[in-house]
Amino acid sequence: MEPSSPPPSTTPPAPRPDGGQPKSAVLNWIIIGLVVIGGLVYLAYSRKAAAPDTANGTVTGSSAAILEAANVTGRAAPNWTLRDVNGKPVSLSQFAGHPVVMDFWATWCGPCQIELPWWQQFQKQYASQGLVIVGVSEDLNLNDVQKYLAKTPIDYQIVWDGGSNTLQNNYGTPFGLPTTLFIDRQGKITERVTGLEGKPELDKAIHAIL
């Protein structure tokens with residue numbers, strides 16, 4: 001008769017010298033840490049890159065995060081200088097004392113095409129009350145804007161953002177196009193509208209700055 005096999009050992013395994021963490025788990029934590037650090041560095045660099053470049057005279061005045069702030073009511077609209085489609089410089093400051101509608105748009109933006117005829121109507125309707133509507137084109141190519149205006153003439157002020165989003169970077173980054181700022185005669189922002197808004201609502205916002 002063969003002797004029975006000894007019972008299996010119930011002794012727990014000895015603890016790992018590295019504290020019980022497998023090498024793969026330690027490596028994962030190291031990778032996560034590097035990703036977090038990299039993300040923080042990128043965020044800091046992005047904010048620095050988006051800071052207003054006052055050296056070239058693009059924007060002056062108060063804080064430039066106009067398009068990102070949760071509430072912009074009552075804030076002063078920073079001055080800017082851009083060029084129209086013919087290369088002529090245009091500044092926000094030249095409209096001081098006027099109610100201003102500042103509309104960010106692009107030729108490829110579908111909702112913008114819906115609003116453009118409304119802005120033309122509003123410009124004609126309220127011109128006698130000093131209203132100035134400025135369309136800020138965010139197209140990358142000036143030629144695209146010029147071709148569009150040749151086919152679809154617009155009788156209010158159009159400026160081009162230079163194809164590099166300079167103005168958006170200085171004002172902050174909008175959540176989409178169109179984005180519209182309503183500025184009263186004192187240069188204060190009364191309302192910001194992001195996305196396509198109804199014509200009656202836009203008319204109401206204009207009345208608030210006349």
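The values are calculated or read from the model by the stated rules, or taken from the named source; none is laboratory data. Every value quoted in this text rests on a predicted model; they were computed, and no experiment measured them. FYI the Cβ positions are ideal-geometry reconstructions off the backbone, even for glycines, and counts take in every protein chain you see.
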Look at Leu181 and say whether it is modelled with pLDDT of 95 or more and either closer than 20 Å to Ile66 by Cβ or among the small types (Gly, Ala, Ser) (or both). yes
Can you find even one residue in the range 140-151 that is part of a loop (DSSP other than H, G, I, E, B) and at pLDDT below 95? yes
Residues Trp119, Trp108: which one is in a loop (DSSP other than H, G, I, E, B), modelled with pLDDT of 95 or more and out of contact with any Lys or Arg (no Cβ under 9 Å at 6 or more places or on another chain)? Trp108
All conditions in (1) exposed (fewer than 13 other Cβ atoms within 10 Å of the Cβ); (2) outside any helix (DSSP H, G or I) are true of Ser128 except (2)
Residue count, the range 192-210 (criterion: at pLDDT below 95 and over 19 Å from Gln113 (Cβ atoms)): 1
